[in-house]
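No lab work stands behind these numbers, since they all come straight from the coordinates. Note that the structure is a prediction, hence the values are computed from the model and not measured.
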Amino acid sequence: MIRNCFCLLLLLPCLMLGCNIRQGSSSESERTEEGRPVAENVGVSAGVVGASEGGGVLLNGDVQQSPEDGMPDINDSVRYAAGYQVTVHDGYTSVEVRDPWNKGKLLQRYLLTPRDRSLPKGMPEGTIVRVPLRKMVVYTSVHCAALDALGVTDDIVGVCESRYINVPAIKERIREGLITDLGEATSPGVEKMIEVGTEVVFASPFDHGSYGAVEKLGIPIIECADYMENDPLGRVEWIKFLGLLTGRSARADSLFRRTEANYLRIKALVEDVAYRPKLMTGMKYGSSWYVPSGESFMARIYKDAGADYIFRYLSGAGSTPLSFENVLDKAIHADIWLVQYNREENMTYDMLQSEYSSYSRFDAFRDRHIYGCNTNCSPYYEEVPIHPDYLLAELIAIFHPQILPDHNFRYFFPLAERTAMFF
């Protein structure tokens, strides 16, 4: 279920006007197959992160750029995100996506060039991406929502696992037959991708992962490692990268600045609280209980909301699988328990106990301090990556209700005792 990878961080991660070129190439190396451009798209997997090349403008400060040569506008710098870096060159923009699992190496280098211009000479190795993008395939609901926020839903031609997408505009276009469901993200329908004229794929990478047959099509794959950011605002800031790709930089920068201002304002409400409730999260799936690691953006949100997150000591920016016994040992006396699930009906204490009777051993269960988020009917996965301020306010209202007593809950609600019976 691809939208749930946001929590468990198991996201898995035709033809494009672009190619992959090597250092020193001096001509357009685009090839055609049946009249359509294709890309070699081998990417960059072992480069070293460093300074800008070729005299470009490295965006690591308050830089304002408004090129008049057909390049994307860069209206703001990258200030929170650690996962990518933007450098403006003459005739193209380089976006280097860092490998979150191999420090100092690159996952990809994307070379953004105007789709109506010839390729500049002397570009470094990387995946050429003609911008603004058209005919996009999007693997995750998270990125569907981000692209919808930028107003480019009409350029999406395919998605994966549409049953988990909770974006009204995209659901409507699927019903109208304007967006094709390509099946599971682990093995999307390659023939359908070709039929809809896919030019680019958006996916979420994972360590040692691959994209199977899609990699052989020559379609550039935009690897969005935003979920590996450890700062909530760093994750939001990936919307600027999407803005560059889609020609919506001004809109992306405006959205980011509003979210940033709101998040920082809300965070300040609890910076001086004396009491921080002990927090546990999640449930057992199979033999493992996944919890956000201590360097993850979720752990950061819990801290910013004024909670004492019990598993903050775990290293890493992803999630960590623990045994039930380990969780019980550490979290038996937690004050508050947050659970997320996807069901037709809302979770109750009776349902939780019938699912696994030992859940009742936690203090938060006995004291009725469990809050549930049903992602089947909540836009949690679609909204939180670009609006962590929404979640921050909600969590403060749970952890410190006296600070936001009139909050209208959007995601989490207290569990009921049992399912209502109707006769």
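Shape summary of the stretch 198-336, radius of gyration then Dmax from alpha carbon positions: 18.6, 57 Å. Contact order, relative form, for the stretch 90-242: 19 percent (alpha carbon pairs under 8 Å, 6 or more residues apart, mean separation divided by residue count).
Where q = 0.08 Å⁻¹, what log10 of I(q)/I(0) comes from the Debye formula for the stretch 143-277, counting one point per Cα? With one equal scatterer per Cα and no solvent, log10 I(q)/I(0) is -0.27.
Pairs exceeding 18 Å between alpha-carbon atoms, taken from K284/K330; K103/K303; K103/K267: K103/K303; K103/K267. Treating each Cα of the stretch 126-172 as one equal point scatterer and applying the Debye formula with no solvent, the log10 of I(q)/I(0) at q = 0.19, 0.29 Å⁻¹ comes out as -0.57, -1.15. Computed on the Cα atoms alone, the convex hull of the stretch 271-362 gives a volume of 113 cubic angstrom per residue. Here's the list of lysines a cross-link from K171 could span, going by alpha-carbon distance under 27 Å and ignoring same-chain residues fewer than 8 apart: K135, K192, K240.
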